[in-house]
Amino acid sequence: MQMPEKQDLSTFDGVGLAELIRAGQVSPLEAVDASIARIERMNPELNAVVSERFDRAREEARGELPDGPFRGVPFLVKDLGITMADEPYYAGTRVLKEIDYHTPSDSALARRFREAGLVVLGRTNTPEFGSVITTEPQSFGPTKNPWNTGHSTGGSSGGAAAAVAAEFVPMAHASDGGGSIRIPASACGLVGLKPSRGRISSAPGYDSWAACTTDGIVSRTVRDTAAMYDFIFGFEPGDPFTAPALDRPLTAELRSATGLLRIGFVDRPVPADLETDPDCRTAVHTALNMLSRVGHSIEPAYPTALDEHEAVATHFANIVATSTAADVAKLEAIVGRELTDEDLEVDTLKFARWAKRITALDYLQSFEWLRLWSRRVVSWWDQYDLLITPTMGRAPAELGYLAGPGAGRRMRPWFQYTQQFNITGQPAISVPLYWNAERLPIGVQLVAAPYREDLLVRVASQLEGLFPWWNLRPGTGEHDGHGDGCGCHVH
């Protein structure tokens with residue numbers, strides 16, 4: 001079987017590539033080989049893929065793949081959370097890399113990806129335990145942004161985002177505990193939808209960070225996100241949380257009428273003592289201009305409970321620190337000794353040791369405070385349909401600035417708009433609508449009421465129709481079309 005002449009498979013999204021394969025125009029092996037060739041050519045520069053399974057992938061592509069919606073489509077999984085039987089798993093740590101740790105079984109999400117027909121080519125880079133918003137771990141070194149290689153891809157799904165932006169694969173597994181799907185999507189010009197709490201099972205594991213984390217994907221198109229989530233959403237026995245079923249598949253929401261929506265926005269820093277780059281505010285107003293032109297009502301309004309940033313940060317830090325200490329204890333059980341700064345990064349160990357001073361009462365009080373605060377935040381959606389914010393408060397940082405000891409204090413301006421919605425469990429999506437003078441993407445975040453992924457897909461699809469961002473590719477300067485007067489540009 002021969003690939004159609006001059007057809008560059010890297011330009012297809014996952015749905016489009018699956019359609020080619022289903023029509024017999026391309027074989028799964030040809031699709032896999034094309035992705036592997038691109039990884040081998042570009043990954044030495046970008047450092048997005050840190051663990052390869054090329055031989056297994058080719059063997060799977062030659063065999064009988066499950067007849068799922070993405071049969072034969074190449075894919076990458078993040079080296080955090082998701083496990084595959086007898087395959088490497090390092091979680092961004094030096095200690096697991098050094099012992100070449102392999103996990104004993106598939107997670108439920110890995111099983112669902114396989115049942116979708118995807119062919120996994122390897123694992124993507126992530127910061128240690130996914131705890132920071134840049135992908136520069138000591139274990140594997142920095143992942144570079146394909147749009148400007150002197151800058152960060154964001155984190156913690158930065159390897160996944162770089163791989164999709166560089167068109168290694170049309171989409172890749174990602175996860176989000178404080179912005180780790182949306183921030184890399186923003187930094188790399190992608191679609192990044194964080195689902196509602198309980199949409200995607202963490203089985204056979206647990207919902208970490210007091211159920212503030214979730215899995216998902218990053219992709220170039222809204223339809224890929226919709227089609228993938230339609231397949232991987234769903235309950236597994238024993239899940240402590242499960243979201244109510246959607247009225248219809250997310251793919252049915254694509255290009256569907258949204259009706260006239262009441263939309264609030266915030267373009268100032270949250271809290272006020274931080275900073276927000278003018279480019280990030282411009283990106284928000286780009287989205288607002290596009291949405292107002294199609295008739296939606298736009299108001300400068302947002303949940304005022306978001307202003308309680310210091311209290312939120314303190315209580316959330318208690319949750320994350322305690323979870324980090326638990327993760328360190330699990331690693332110590334695996335390696336059979338106490339871990340030192342030769343094994344883990346300095347800030348990870350400091351955070352875990354600080355957690356030992358947090359009492360059970362402290363933890364429960366923080367958990368309760370955050371749940372009650374979440375009720376006050378979510379009540380805002382009784383009057384509004386959507387909230388629009390910058391995804392990040394600043395453009396992607398230069399490599400090195402958000403890495404290393406003490407970087408946590410420097411990160412606040414970047415993630416000031418994202419972690420709140422992990423705590424509330426609401427769905428939120430980042431879409432790429434603006435590029436700054438340094439050719440760096442600037443994402444816009446849309447937040448809906450709990451379990452309203454359907455509305456996010458409808459509106460994101462509407463924006464994508466006005467500005468087809470997937471035509472814009474790193475390193476080319478090419479842009480084949482955008483919404484008239486939307487303000488989007490590339491230099």
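The orientation-averaged projected area of the convex hull spanned by the Cα atoms of the chain comes to 21.1 nm².
If you take every residue apart from L440 with its C-beta less than 13 Å away from the C-beta of L440, what net charge results, scoring Lys and Arg +1 and Asp and Glu -1?
Numbers: positive: K144, R394, R439; negative: D277, D279, E398, E438.
Residues near L440 contribute -1 overall.
Here, the stretch 42-161 yields an orientationally averaged convex hull projection of 7.6 nm² when only Cα atoms define the hull. For K144, give me every one of the lysines with a C-alpha distance below 19 angstrom, ignoring sequence neighbours fewer than eight places off in its own chain. Once the sequence-local lysines are set aside, what remains near K144 is K78. Ranked for footprinting exposure by Cβ neighbours inside 10 Å, fewest first, I358, I183, I263 give I358, I263, I183.
How would you rank K97, K350, K356, going from fewest to most other Cβ atoms within 10 Å of each one's own Cβ? Please report the intermediate quantities before stating the final value.
Values: K97 20, K350 17, K356 10.
Arranged by neighbour count, lowest to highest, K97, K350, K356 become K356, K350, K97.
Note on the stretch 351-404 and the stretch 72-87: Cα centroid distance 28 Å, given to the nearest whole angstrom.
Where Rh is the Kirkwood radius over the Cα pairs of the stretch 108-221, the temperature 37 °C and the viscosity 0.692 mPa s, what D in µm²/s does Stokes-Einstein return? Could you put the intermediate results ahead of the total?
Values: Rh = 14.0 Å.
For these conditions, the coefficient is 234 µm²/s.
Mind ordering 403-414, 453-464 by average Cβ neighbours within 10 Å, highest first? Spell out each step's value before the answer.
Details: 403-414: 16.1, 453-464: 23.4.
The peptides rank, most packed first, as 453-464, 403-414.
Cross-link pairs exceeding 26 Å in C-alpha to C-alpha distance, out of K194/K356; K330/K356; K194/K350; K97/K194, comprise K194/K356; K194/K350; K97/K194. Packing here is the average count of other Cβ atoms within 10 Å per residue, and on that basis the peptides 383-392, 31-40, highest first, run 383-392, 31-40.
How do F231, F168, F129 rank when sorted from fewest to most other Cβ atoms within 10 Å of their own Cβ?
Details: F231 19, F168 31, F129 25.
Sorted ascending by nearby Cβ count, the order is F231, F129, F168.
Note on the chain: helix-only mean residue ellipticity at 222 nm, from DSSP H runs of 4+ residues weighted -39500 (n - 2.57) and normalised by residue number, equals -11000 deg cm²/dmol.
All other residues with a Cβ under 12 Å from the Cβ of L463 taken together, and with Lys, Arg as +1 and Asp, Glu as -1, what is their net charge? All intermediate terms of the calculation are to be shown ahead of the outcome.
Numbers: positive: R255, R293, R458; negative: E464.
After counting each charged neighbour, the total is +2.
Throw me the Rg/Rh for the stretch 157-277, computed over C-alpha atoms with Kirkwood Rh, two decimals. Working shown, then result.
Numbers: Rg = 15.9 Å, Rh = 16.0 Å.
Taking Rh as the inverse mean 1/r over Cα pairs, Rg/Rh reads 1.00.
When each of the peptides 283-292, 59-68 is scored by the mean number of other C-beta atoms lying within 10 Å of its residues, the order from highest to lowest reads 283-292, 59-68.
No lab work stands behind these numbers, since they all come straight from the coordinates. Being a predicted model, the structure only gives us computed values, none of them experimental. Here the Cβ is made from the backbone with ideal geometry for all residues, glycine too, and neighbour counts use every protein chain on show.
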